[in-house]
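Inspection log for the structure reproduced underneath, given as structure tokens.
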Amino acid sequence: MANYFIIGGDGKEYGPVTDTDVHLWISEGRLNAESRAKAESDAEFRALAQFPEFAAALKSQAAPAPVAPIKPATDFLERDYELDLGGCISRGWELFKENFGILFAACLILVVMQFAVGLVTAPVAKLLMHAPVLVQVGFKFLLPVVTALVLGPMAGGVNLVFLKKIRRQETSVGDVFAGFQKAFAQLYLGALVVGLTTAACLLPGSFVWQTRAGPLLEQMQHMQNDPTGMQNLLPQFMSAAMSALPVFLVCLLPATFFVVSWMFTLPLIIDKQMNFGTALKTSWKMVTKHWWQAFGLFVLAGLISGVGVLACCIGVLFTAPIGVAAMMFAYETIFGAEKN
């Protein structure tokens with residue numbers, strides 16, 4: 001199914017939309033032969049009359065009608081909503097069952113890429129184990145600068161695959177990589193802002209952990225052949241870890257707030273062609289209308305994925321798609337076409 005971009009009567013660009021949408025707007029008088037449009041493969045806009053696929057629809061118009069403005073793509077900003085958490089999860093499960101192959105493959109590719117990024121960054125973290133605490137904490141803070149290069153566009157592509165399946169549009173596993181082609185810079189910057197903000201919130205906790213528990217953990221790693229020494233050191237490590245825990249929990253509060261508030265940033269970028277700043281503000285504005293509902297869905301999706309991790313880790317490939325699908329159904333509720 002081909003996709004098109006349209007210049008509406010208000011002079012703004014809308015899309016991508018399907019040929020079915022274009023035919024519908026022609027029949028409703030919202031588009032005519034002079035309306036400007038282009039296919040995804042076109043470089044420039046041209047009159048709709050120059051598209052052979054719409055010739056019959058344009059000819060059937062009784063008379064040229066004034067072009068009515070297409071409803072703005074951001075009409076959802078003034079809309080209220082209600083998230084059905086159980087409904088999102090159950091619909092996510094049904095979507096996964098109906099489209100197991102492609103959704104499983106999409107999440108598998110994302111997990112493999114996350115693992116690959118971990119393999120690249122782990123040796124650096126190991127080399128820094130003997131570095132000063134500030135260097136180790138600084139590395140953790142700057143880690144999103146590297147990881148977002150891959151995981152931002154990849155996550156956006158996975159979101160796109162799920163959204164297309166929800167909308168019954170044609171898609172393929174190749175769309176997982178669409179973020180690198182369509183919106184690489186914006187997806188990278190969106191993921192980077194979220195990652196750096198989260199890391200900044202956790203900095204105090206990371207510092208306390210590295211200061212109190214880090215040296216003891218390093219000693220224990222060197223005592224793998226000395227069970228007695230490790231056993232003697234374990235109480236000290238547990239005490240240090242417990243003393244760092246309250247700081248981590250306090251740091252986790254703002255980190256969680258930001259992550260939940262910006263949870264739809266990447267889908268907005270890949271789906272609505274927003275720049276990262278607009279996507280961040282839009283996600284924030286809509287999520288904070290009912291933040292606790294979004295947080296509840298975030299927790300449920302995380303718990304579902306966590307069950308897969310407990311099942312020998314490989315189970316996450318069967319549970320994570322349900323969580324992603326649930327999140328995308330919530331996205332459709334908040335940002336999708338309004339149901340009359």
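The values are calculated or read from the model by the stated rules, or taken from the named source; none is laboratory data. Quick caveat: nothing in here was measured; it's all calculated off a predicted structure. As a convention, Cβ positions derive from the backbone with ideal geometry for all residues, glycine included, and neighbour counts pool all protein chains shown. With ligands, DNA and RNA removed, areas are computed over all heavy atoms of the protein, side chains included. Shrake-Rupley method; radii C 1.70, N 1.55, O 1.52, S 1.80 Å.
What does the helix-only formula give at 222 nm for the chain: each DSSP H stretch with n ≥ 4 adding -39500 (n - 2.57), the total divided by the residues, and the result rounded to the nearest 500 deg cm²/dmol? Intermediate values should be presented prior to the final figure.
On the way: 13 runs with 227 residues, N = 340.
About -22500 deg cm²/dmol.
If we sort 136-144, 318-326 on the protection proxy, mean other Cβ atoms within 10 Å, highest first, what's the order? Before the final figure, lay out each step's value.
Values: 136-144: 17.6, 318-326: 25.1.
Packing order, densest peptide first, comes out as 318-326, 136-144.
Rounded, prolate or oblate: which one fits the range 75-134, using the alpha carbon gyration tensor with axes a ≥ b ≥ c (rounded when a/c is under 1.5, else prolate when a/b beats b/c, else oblate)? Numbers along the way, then the final one.
On the way: a/c = 3.68, a/b = 1.81, b/c = 2.04.
Here the range 75-134 falls in the oblate category.
Sort Ile166, Ile269 by heavy-atom solvent-accessible area, probe 1.4 angstrom, most to least. Please report the intermediate quantities before stating the final value.
Details: Ile166 30, Ile269 5 Å².
So the residues, ranked largest to smallest area, are Ile166, Ile269.
Expressed as a rounded percentage, what relative contact order does the range 75-199 have, with Cα pairs under 8 Å and six or more residues apart? Provide the component values of the computation, followed by the final result.
Details: 88 pairs, mean separation 33.9, N = 125.
Dividing the mean separation by the residue count of the range 75-199 yields 27 percent.
Between the alpha-carbon centers of the range 9-28 and the range 110-132, tell me the distance in whole angstrom.
So the separation of the two Cα centres works out to 47 Å.
Could you list which residues have their amide H under 5 Å from that of Asn3, counting only those 5 or more apart in sequence or on another chain, with H placed in the peptide plane?
Long-range HN contacts for Asn3: Glu40.
On average, how much area does the Cα convex hull of the range 155-204 cover when viewed from any direction, in nm²? Each step should come with its number before you reach the end.
Working: hull surface 16.3 nm².
Computing the convex hull of the Cα atoms and averaging its projections yields 4.1 nm².
With axes computed from alpha carbons, what is the tilt in degrees of helix 85-98 against the longest principal axis of the chain, rounded to the nearest 10 within 0 to 90?
Its long axis makes an angle of about 80 degrees.
Can you give me the accessible area per residue for the range 126-250, using a 1.4 Å probe, in Å²? Can you show the working numbers first?
Numbers: 6650 Å² over 125 residues.
Result: 53 Å² per residue.
So what's the angle, to the nearest 10 degrees on a 0 to 90 scale, between helix 276-287 and the longest Cα principal axis of the chain?
It works out to around 90 degrees.
Apply the Karplus curve 6.51 cos²θ - 1.76 cosθ + 1.60, θ = phi - 60°, to the phi angles in the range 292-298 and return the couplings in whole Hz, x for Gly and Pro.
Going residue by residue, I get 5, 5, 4, 5, x, 5, 4 Hz, with x marking Gly and Pro.
Take the Cα coordinates of the chain, assign each an equal point scatterer, and use the Debye formula without solvent to give log10 I(q)/I(0) at q = 0.10, 0.11, 0.12 Å⁻¹.
Taking Cα atoms of the chain as identical point scatterers yields -0.71, -0.83, -0.95.
Against the longest alpha carbon principal axis of the chain, how many degrees, from 0 to 90 and to the nearest 10, is the axis of helix 184-212 turned?
Rounded to the nearest ten degrees, it is 20.
Given a 1.4 Å probe, how much area per residue of the range 1-42 is accessible, in Å²? Present the calculation step by step, with values, prior to reporting the outcome.
Details: 2040 Å² over 42 residues.
Averaged over the residues of the range 1-42, the accessible area is 49 Å².
Tell me, what HN-Hα J-couplings in whole Hz come from the Karplus equation 6.51 cos²θ - 1.76 cosθ + 1.60 at θ = phi - 60° for each residue of the range 47-53, using x for Gly and Pro?
Once θ is set to phi - 60°, the couplings for the range 47-53 become 5, 4, 5, 7, 9, x, 5 Hz.
So if I place +1 on the C-beta of Lys and Arg and -1 on the C-beta of Asp and Glu, and nothing else carries charge, what would the dipole magnitude of the chain be about its Cα centre? I want it in debye, nearest 20.
Numbers: 23 positive and 24 negative charges, 81 e Å.
Computed charge dipole of the chain: roughly 380 debye.
Any number yet on Rg/Rh for the range 170-233, C-alpha, Kirkwood?
Values: Rg = 21.2 Å, Rh = 15.8 Å.
Using Cα coordinates only, the ratio equals 1.34.
On the first, second and third principal axes, largest extent first, how far apart are the outermost C-alpha atoms of the range 149-304 in Å?
Principal extents (largest minus smallest coordinate, Cα): 61, 35, 28 Å.
Explain nothing, just the number: relative contact order of the range 197-308, from Cα pairs under 8 Å at least 6 residues apart, as a whole percent. Each step should come with its number before you reach the end.
Details: 78 pairs, mean separation 30.2, N = 112.
Relative contact order of the range 197-308: 27 percent.
Determine the share of the chain's accessible area contributed by carbon and sulfur atoms, expressed in whole percent, with a 1.4 angstrom probe.
Working: 11680 of 17480 Å².
Ligands and nucleic acids excluded, carbon and sulfur give 67 percent.
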